[in-house]
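Bear in mind these aren't lab numbers, they're just calculated from the coordinates by the rules spelled out. These numbers come from a predicted model, not from an experiment. No Cβ is skipped: glycine too gets one built from the backbone with ideal geometry, and neighbour counts run over all protein chains shown.
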Amino acid sequence: MSNEEIEKMLEFIAKRQENFSENMEQAEARMNRLERAFLGLFNLTSENSKAIKELTEAQKRTDAQLAETDERLNIFIHCRALYQRGA
């Protein structure tokens, strides 16, 4: 191999290494953006899970209150019916 061929080969290798290095930097930048996006989505999912849990608990309380209201309303209706029959 002549010196010129070796020099061309070394230039080629250096150019490829430079391209590879640039590509790695771009890939790392993309990876950083993806990581931030993933963390954002993870945080949103955590917040949504917490909100759903709170809503579930609130719905349970509402259901219990509605059952109590139904019971009271049924008692009132029954008393009213008895009063009307007696009157």
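Charges on Cβ only, +1 for Lys and Arg, -1 for Asp and Glu, centred on the Cα centroid of the chain; of 67, 40, 81, which one is farthest towards the dipole's positive end?
After comparing all options, I get 81.
What list of ³J(HN,Hα) couplings, whole Hz, do you get for the stretch 61-74 from phi and the Karplus terms 6.51, -1.76, 1.60, once you set θ to phi - 60° and write x for glycine and proline?
5, 4, 4, 5, 5, 5, 4, 5, 5, 4, 4, 5, 5, 4
Where a Cα-Cα gap under 29 Å defines reach, which lysines qualify for residue 50, not counting those fewer than 8 residues away within the same chain?
Counting by Cα, and skipping residues close in sequence, residue 50 has these lysines nearby: 60.
What's the center-to-center distance, using Cα atoms, between the stretch 61-87 and the stretch 30-47 in Å?
52 Å
Set the Förster radius R0 to 22 Å, insert the Cβ-Cβ distance between residue 83 and residue 59 as r into 1/(1 + (r/R0)^6), and round the FRET efficiency to 0.05.
Here the calculated transfer efficiency is 0.05.
For the chain, what does the helix formula give at 222 nm: sum of -39500 (n - 2.57) over DSSP H segments with n ≥ 4, over the residue count, nearest 500 deg cm²/dmol?
Numbers: 1 runs with 84 residues, N = 87.
Only helices count here, giving -37000 deg cm²/dmol.
Over all alpha-carbon pairs of the chain, lay out the pair-distance distribution in 5 Å bins, whole %, shortest bin first.
Distribution as computed: 3, 11, 7, 8, 6, 6, 6, 5, 6, 5, 5, 4, 4, 4, 4, 3, 3, 2, 2, 2, 2, 1, 1, 1, 0 percent.
Once R0 is set to 41 Å, what does the formula 1/(1 + (r/R0)^6) return for the Cβ-Cβ distance between residue 76 and residue 50, expressed as a FRET efficiency to the nearest 0.05?
Values: r = 39 Å, r/R0 = 0.95.
Once rounded, the FRET efficiency stands at 0.60.
Nothing charged except the Cβ atoms of Lys and Arg (+1) and of Asp and Glu (-1): what's the magnitude of the dipole of the chain about its Cα centre? Round to the nearest 20 debye. Walk me through the intermediate numbers first.
On the way: 13 positive and 16 negative charges, 219 e Å.
Using only the charged Cβ atoms, the result is roughly 1060 debye.
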